[in-house]
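Please read the structure below before turning to the comments.
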Amino acid sequence: MVNRIASIVLDEATILWRNPDVEQERAIALRDLEDDNSFAPLRATEHGHVGPWALQLAVRDGRLVLAVQDGNGADAGTIGIGLARFRRDVREYFAICDSYYKAVRKASAQEIETIDMARRAIHDRATRHLLEALEEKVETDFATARRLFTLICVLHIKA
């Protein structure tokens with residue numbers, strides 16, 4: 001399938017610090033993205049590029065930058081999204097994740113489940129915001145956008 005991400009790399013210079021929990025989230029999101037995703041950068045396809053796509057994600061000047069390469073390794077353009085609209089989502093997601101990781105260590109199963117439900121709800125809301133930001137730039141599905149939001153959070157640790 002050509003409308004998919006074949007590989008994705010995070011700009012390590014953007015990431016200052018990751019704890020083991022964040023590293024696990026990053027690894028899972030990357031693995032899941034590479035296993036199953038739907039991604040078609042509209043401008044690149046309009047200019048005759050075809051996937052599968054290679055992405056590099058970075059944060060520069062308060063923007064998420066997705067550098068895209070086509071299936072032949074050629075530069076297929078850059079997609080930029082302002083991160084200001086995600087500040088609240090990222091802050092809330094970090095806060096609920098912190099609560100979740102603390103709960104896993106000492107809370108009851110019911111408390112962990114309640115916090116996990118709230119974590120998923122915040123993640124889903126942020127994913128819908130990301131889909132809105134990608135509208136007219138990228139054709140993608142909810143699951144792919146959800147995993148991309150996780151990676152935005154990883155990059156946001158320094159940003």
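ASP70 is checked against (1) open to solvent by less than 40 Å² (accessible area, probe 1.4 Å); (2) touching a Pro at 6+ places or on another chain (Cβ under 7 Å); (3) charged (D, E, K, R) and fails just one. What number does that condition carry?
Unmet for ASP70, out of (1) open to solvent by less than 40 Å² (accessible area, probe 1.4 Å); (2) touching a Pro at 6+ places or on another chain (Cβ under 7 Å); (3) charged (D, E, K, R): (2).
Taking the residues in the range 58-76 that are assigned to a loop (DSSP other than H, G, I, E, B) and in contact (Cβ under 8 Å) with a residue 60 or more places away in the chain as candidates, determine which candidate is farthest from the chain's Cα centre (by Cα).
The qualifying residue farthest from the chain's Cα centre (by Cα) is GLY71.
Report whether or not LEU55 is outside any helix (DSSP H, G or I) and touching a residue at least 12 places away in the same chain (Cβ under 8 Å).
yes
Counting only residues that are open to solvent by less than 50 Å² (accessible area, probe 1.4 Å), in a helix (DSSP H, G or I) and more than 22 Å from LEU151 (Cβ to Cβ), how many does the range 93-108 have?
So the answer is 1.
Can you say whether ARG125 is modelled with pLDDT of 95 or more, among the basic types (Lys, Arg) and part of a helix (DSSP H, G or I), as far as the supplied structure shows?
Working: modelled with pLDDT of 95 or more: yes; among the basic types (Lys, Arg): yes; part of a helix (DSSP H, G or I): yes.
It is true that ARG125 is modelled with pLDDT of 95 or more, among the basic types (Lys, Arg) and part of a helix (DSSP H, G or I).
Looking for something among the hydroxyl-bearing types (Ser, Thr, Tyr) and either open to solvent by 80 Å² or more (accessible area, probe 1.4 Å) or within 14 Å of PHE149 (Cα to Cα) (or both) - is there at least one such residue anywhere in the range 24-42?
Scanning the range 24-42, I find no residue that is among the hydroxyl-bearing types (Ser, Thr, Tyr) and either open to solvent by 80 Å² or more (accessible area, probe 1.4 Å) or within 14 Å of PHE149 (Cα to Cα) (or both), so the answer is no.
Select from the range 120-142 the residues that are in contact (Cβ under 8 Å) with a residue 60 or more places away in the chain and over 18 Å from THR78 (Cα atoms) and list them in ascending order.
Applying the first criterion (in contact (Cβ under 8 Å) with a residue 60 or more places away in the chain) to the range 120-142 yields 136-141.
The one that is in contact (Cβ under 8 Å) with a residue 60 or more places away in the chain and over 18 Å from THR78 (Cα atoms): ASP141.
Working carefully through the options ASP32, ASP98, find the one that is closer than 26 Å to ARG125 by Cβ and either free of Cβ contacts under 8 Å to residues at least 12 places away in the same chain or not charged (D, E, K, R) (or both).
Details: ASP32 fails: either free of Cβ contacts under 8 Å to residues at least 12 places away in the same chain or not charged (D, E, K, R) (or both).
None of the other options fit; the residue is ASP98.
Do we have ILE79 as farther than 25 Å from GLU23 by Cβ, open to solvent by 10 Å² or more (accessible area, probe 1.4 Å) and in contact (Cβ under 8 Å) with a residue 12 or more places away in the chain here?
Working: farther than 25 Å from GLU23 by Cβ: yes; open to solvent by 10 Å² or more (accessible area, probe 1.4 Å): yes; in contact (Cβ under 8 Å) with a residue 12 or more places away in the chain: yes.
Spelling it out, ILE79 is indeed farther than 25 Å from GLU23 by Cβ, open to solvent by 10 Å² or more (accessible area, probe 1.4 Å) and in contact (Cβ under 8 Å) with a residue 12 or more places away in the chain.
Any chance the range 109-122 includes a residue that's closer than 22 Å to ASP32 by Cβ and open to solvent by less than 20 Å² (accessible area, probe 1.4 Å)? So that I can check it myself, show each step before the final result.
Applying the first criterion (closer than 22 Å to ASP32 by Cβ) to the range 109-122 yields 112-113, 115-122.
Okay, now just the ones that are also open to solvent by less than 20 Å² (accessible area, probe 1.4 Å), so none.
No.
Just one of VAL90, VAL138, VAL154, VAL65 is surrounded by 17 or more Cβ atoms within 10 Å (Cβ to Cβ) and touching a Pro at 6+ places or on another chain (Cβ under 6 Å); which is it?
Result of the check over VAL90, VAL138, VAL154, VAL65: VAL138.
ASP21: touching a helix residue (DSSP H, G or I) at 6+ places or on another chain (Cβ under 7 Å), at pLDDT below 90 and of a type outside the set (A, V, I, L, M), yes or no?
yes
The values are calculated or read from the model by the stated rules, or taken from the named source; none is laboratory data. Worth saying up front: this structure is predicted, and the values here are computed from it rather than measured. Heads up, the Cβs are rebuilt from the backbone with ideal geometry, glycines too, and the neighbour counts pull from every protein chain shown. Only protein heavy atoms, including side chains, enter the accessible area calculation; ligands, DNA and RNA are left aside. Shrake-Rupley method; radii C 1.70, N 1.55, O 1.52, S 1.80 Å.
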